[in-house]
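The values are calculated or read from the model by the stated rules, or taken from the named source; none is laboratory data. Here the structure is a predicted model, which is why all the values come from computation and not from measurement. Here the Cβ positions follow ideal geometry from the backbone for every residue, glycine too, while neighbour counts run over all protein chains shown.
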Amino acid sequence: MIRVGVDVGPLHGPITGVGRAVDGMVQQLRQQTSVELTEYVVSFRAKLHENTQRLPFPAGLSIKSWGQRDFPPVRPFFKGIQLVHGMNYVVPPTKLPRVVTVYDCWALLNPAQCSSITNDAMKALRRAIQTGAVVHASSHATATTLRELFPTARIEMIYLGAPEHRSTSSRKIRPNALSDMSGAPFIVAIGTVEKRKNYPRLVEAFALAAHENPDLQLVIAGSAGDDSDLLQQSVDSLSPKLAERVHLIGRVTDDNIEWLYQQATAMAYPSLDEGFGFPLLEAMSANLPIVGSTRGSIPELSGPAAILVDPLDVLALAEALTNVVTNSELRIKLQSSGATQFQSFSWEKTAQQLVNLYNDLAK
């Protein structure tokens, strides 16, 4: 049996996409008889879950330091552990074999658009890779970029699994912000309002598509992020009547998201980069056609379940949205392809491939 220390920090606090990835990996690894997990969190303050070990360091200062040197030391807290897996871009410095999961390379490639905290994490990631950590990439697109950035590193591509339904209840609840939308058809986009989500261009494309579809609406559901101001400016630049058809509803509940998937006509996913993309698989699970971009992992995850366009080409994006909304045969084709594509991803497969990697490194 291999004893592996895993960073479960993303499970302590609001669950983001990374949190869902960590949860999926950890839940399945717990069921593997050949692996014993020691779950740890780097934090002074976090309220820990059961059976979670605290590395009593301030997270921000520790990560900043690990980008420069092997301090603070973690070995005293990893007694009996044979391997350490940092599941959120950072793995502490140690002489034990190390794995670090990288979901996308946006922050590595765009430091000027990231916070100082994120950039400190990327410096720690670079140093970990340069000192021998093995990288788990969650898609071929991410693996390819990492091999270009770190040509001597060992990069292992292991897909994540298909997400569970967000809501554990049978209720699917219309978001309060959409109470006046009645039964109008709408396109939905789900995800934090970050620059890489490319939402301002989506609004431009919607404005073009809306002229040919007078009832069509656009709903963007996601927490505020570094592109919130520009997105609002994009909406404000529309005519008043058209702006009323764009709904920026912020972060919503899982029951709300399930309702959006069930009621939308299509999903828009025009990101400038994605390392995996749980919403793509969620849309497939809900039989929701997808209009996506040609960047990052989107083509390999969506396969034939999406119409893909250059995310910088607003006109092409508008044409794709119009095509999906107005062509019922195309929607049926995308729905059928999505149901098949969804079956390609499982957490069981993810866990088994991670165990194989652990075994190789433990030798």
Residue match in segment 117-138 (condition: within 30 Å of Asn327 (Cβ to Cβ) and not hydroxyl-bearing (Ser, Thr, Tyr)): no
Residue satisfying condition, being crowded, with 22+ Cβ neighbours inside 10 Å and closer than 20 Å to Arg3 by Cβ, within set Val91, Val102: Val91
Checklist (1) within 30 Å of Ala143 (Cα to Cα); (2) touching a residue at least 60 places away in the same chain (Cβ under 8 Å) applied to Gln262, failing item: (1)
Residue match in segment 226-234 (condition: modelled with pLDDT of 95 or more, aliphatic (A, V, I, L, M) and in contact with a Lys or Arg (Cβ under 7 Å, 6 or more places away or on another chain)): no
Test: residue in segment 316-329 that is closer than 23 Å to Ala137 by Cα, in the same structural domain as Asp215 (by TED's automatic domain parsing), in contact (Cβ under 8 Å) with a residue 24 or more places away in the chain and not hydroxyl-bearing (Ser, Thr, Tyr): no
In segment 115-151, residue surrounded by the fewest Cβ atoms within 10 Å (Cβ to Cβ) [restricted to those that are under 16 Å from the mean Cα position of the chain (by Cα) and hydrophobic (A, V, I, L, M, F, W, C)]: Ala143
Residues being aliphatic (A, V, I, L, M) and surrounded by 24 or more Cβ atoms within 10 Å (Cβ to Cβ) - total across segment 276-319: 11
Residue in segment 153-163 that is in contact with a strand residue (DSSP E or B) (Cβ under 7 Å, 6 or more places away or on another chain) and more than 17 Å from Phe276 (Cα to Cα) present: yes
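One line per residue, one yes/no per condition, for (1) touching a residue at least 60 places away in the same chain (Cβ under 8 Å); (2) basic (Lys, Arg); (3) farther than 25 Å from Arg295 by Cβ; (4) touching a helix residue (DSSP H, G or I) at 6+ places or on another chain (Cβ under 9 Å):
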position	(1), (2), (3), (4)
Trp66	yes, no, yes, yes
Arg69	no, yes, yes, yes
Phe77	no, no, yes, no
Leu83	yes, no, yes, yes
Thr101	yes, no, no, yes
Gln130	no, no, yes, no
His140	yes, no, no, yes
Arg147	no, yes, no, no
Residue in segment 177-193 that is more than 19 Å from the chain's Cα centre (by Cα) and polar (S, T, N, Q) present: yes
Filter result for Ser223 (outside any strand (DSSP E or B) and on the phi > 0 side of the Ramachandran plot): no
